[in-house]
Each structure stands twice: as structure tokens, then as C-alpha cells.
Amino acid sequence: MLRVAVVRFPGSNCDWDAYHAVARAGAAASFVWHRDTDLQQADVVILPGGFSYGDYLRSGAIARFSPVMQAVQRHAAAGGAVLGICNGFQILCEAQLLPGALVRNNRLTFASRPVWVRVERTDTFCTSAYARGTEMRIPVAHGDGCYVADADTITLLEAEGRVVLRYVRGENPNGSVADIAGVSNAAGTIVGFMPHPERYADPLTGSDAGAGFFRSIAAWLPGGAARSTP
Amino acid sequence: MKYRVHVRIVPRAGLLDPQGQAVEHALGVLGFTGAGDVRVGKAIELAVDAGSQDAAEAAARQMCERLLANPVTEDFSLTVEA
């Protein structure tokens, strides 16, 4: 069974949601504390949403230097899969595992509502269950979700098809460049996005439109990627 | 010797600064019509133990590059006092 480690930082608050979504999809979920450096041989690491370290300095800026992130860096460098959701996306950008940065929403409001997003990259460990172009409503809940990067980086991301999720036109809740909701590395092994599919992964919470992300993970075959070692 | 370091961090020029825009709007509402181009950043003060002022500045610069400022979105400047 595929093993998924959900990292908990002080201030993580979507950790149980992610755990539940993973378990419901049929993978083996476990928690890893931010002081740990052992990822328990996980195939996939999820950095969940929340407000790690109180969002002090910048969202994700302190978390990226936590002990567990050294292990996540090694896991990622060995080709291991990493998914950052919301605060997890901010941490991946701060850690320079993904390009760009997330800054304050353009209208200064905390955006907390379901928005329409489109899946644009499906050859990743967490989006393979969707057809390219699939549109669905997924909740966002963030104050610092405006994706920015320099023009060359945006051009590169578009040319290489690394925009994984994009807000449907008119739905962009934060002013992100090119309506970008999530991006990946070139190989598709590191993915980060602002929307919270784990909140729509069970009909109990109103929709299971986001369950496909976790079904993708559960069905993923790590292939030649090396498993993480402590 | 201890040096006092003042770090000034502002959003990179050209980057949208919604906080600056909101403050600029509020200043206009208050009648300060001459105020414009408002940027909101942050100031960080710290004491650095170093052998010289240059060494203190070099250390502070590294702190900014690695943690205090985000090179993608922010510019920083430093002043160092004995």
C-alpha cells in the first residue's frame, strides 16, 4: 500500500483533513512531527494547510528551516513526491522547491470560499485521476495566496506545462499572475497549490470533487523514484 | 563587539503592493492628497556580535538573503551602527 506522510507543524490545521482524505482513498497515512527527520519511508509527503509558526515573518518562511524540511528536501531531491496544499505550497516556494512566491491577496481580504479551478497538468502523482481540462469547485482559505514570479519564470512554467491548477476566468480570488492556482517542478514530482481538495474529499463535507487528487496519490506507482531514507 | 543592525524590507519595485495601495487610499480619504507611491514593508532590528563593522554587515546581509527577506518579492537595505 502506498505510504503517505502528512507533516505537522505548530499551527498546521488541515492535517487531519489530509489524513482522512488519504485514508479514504485507500493509501496508508501517517503523521510526521516537524522536529522529526524520519519520513517513515513515505512514498508521498504532504505539507498540509494551516499557519505554520504563526505565519511569522512570511507565510512558510520559518517552517522551511524546520528539521523535517531537511528530510523533505532529501526526499524531493531523490525524486520522491511532495504535495504542498495552501500553507504547504507557501513552504515549498520559500524552500525553493517550487519557483515563485505567494504574497498578500490583492484585495487584502482573507479569501475563504469554494472557487472554480481547472486541472491543466495530469501527468503528476496527484492529478492523474482527472482528465486534462476538468473544472471543479474547490475551497480556498488564505490571506497570502497571490502567486507571483518574474516574467521569465512564468514563461518557462507555461512553456513546460507546469501550471497544474488554474483558476477559471473570473474566479481568481487573490490576484495571482495568469490565474495560477498551483504549479509543479518539471518532473511533476513536486506540486503545490492554494485550493484545499482535502476539504472536498468526502460527500459528508458537501462535495467530493477533490477526492481525485487523493485517488491519484493512492494509485500512484513510485516507479524508479528512490524511497526516502532518514 | 556588538553592532546594532537595522534592516529595511520593502516589496520589490513593480510588484503589486495591496497594503501600500490601501494605505494610500486611506491617506487620500483623510485629505493628504499629496501622498502617493506608498509601499508597506517591514523593519527588523537586531544586535550582531562581530569583529568589525564590515563583518557585522556581511553577516546581516547573509541573514537577509537566507531568511529575513524573500529574494523573489522583496528588496532589503541595511544600516549598521557600532
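Quick look at the numbers
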{"item": "About the Cα centre, charge dipole magnitude for the range B:2-81 (Lys/Arg +1, Asp/Glu -1 at Cβ), debye", "result": "100 debye"}
{"item": "Residues whose placed amide H lies under 5 Å from that of A:A27, excluding near-sequence neighbours", "result": "none"}
{"item": "Estimated [θ] at 222 nm from DSSP helical runs (n ≥ 4, -39500 (n - 2.57)) normalised by residues in chain A, nearest 500", "result": "-6000 deg cm²/dmol"}
{"item": "Along each principal axis, Cα extent of the range A:59-206, largest first, Å", "result": "37, 36, 34"}
{"item": "The protein assembly as shown: Rg to Rh, with Rh as the Kirkwood radius over Cα pairs", "result": "1.01"}
{"item": "Among A:V119, A:T205, A:V140 - extreme Cα towards positive end, dipole of the range A:3-219, charges at beta-carbon", "result": "A:T205"}
{"item": "Inverse of mean 1/r across different Cα pairs in the range B:2-81, Kirkwood, Å", "result": "14.1 Å"}
{"item": "Nearest-ten-degree value, helix B:18-29 long axis tilted from longest Cα axis of chain B", "result": "50 degrees"}
{"item": "Interatomic Cα distance distribution for the range B:38-82, bins of 5 angstrom, percent", "result": "5, 19, 32, 21, 14, 7, 2, 0"}
{"item": "Given charges at Cβ of Lys, Arg, Asp, Glu: chain A dipole, positive-most of A:Y130, A:V7, A:H20", "result": "A:H20"}
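Quick note: the coordinates plus some simple rules give every number you see, no bench work behind them. Every value quoted in this text rests on a predicted model; they were computed, and no experiment measured them. Because the Cβ atoms are built from the backbone with ideal geometry, glycine has one as well, and the counts that use them run over all protein chains shown.
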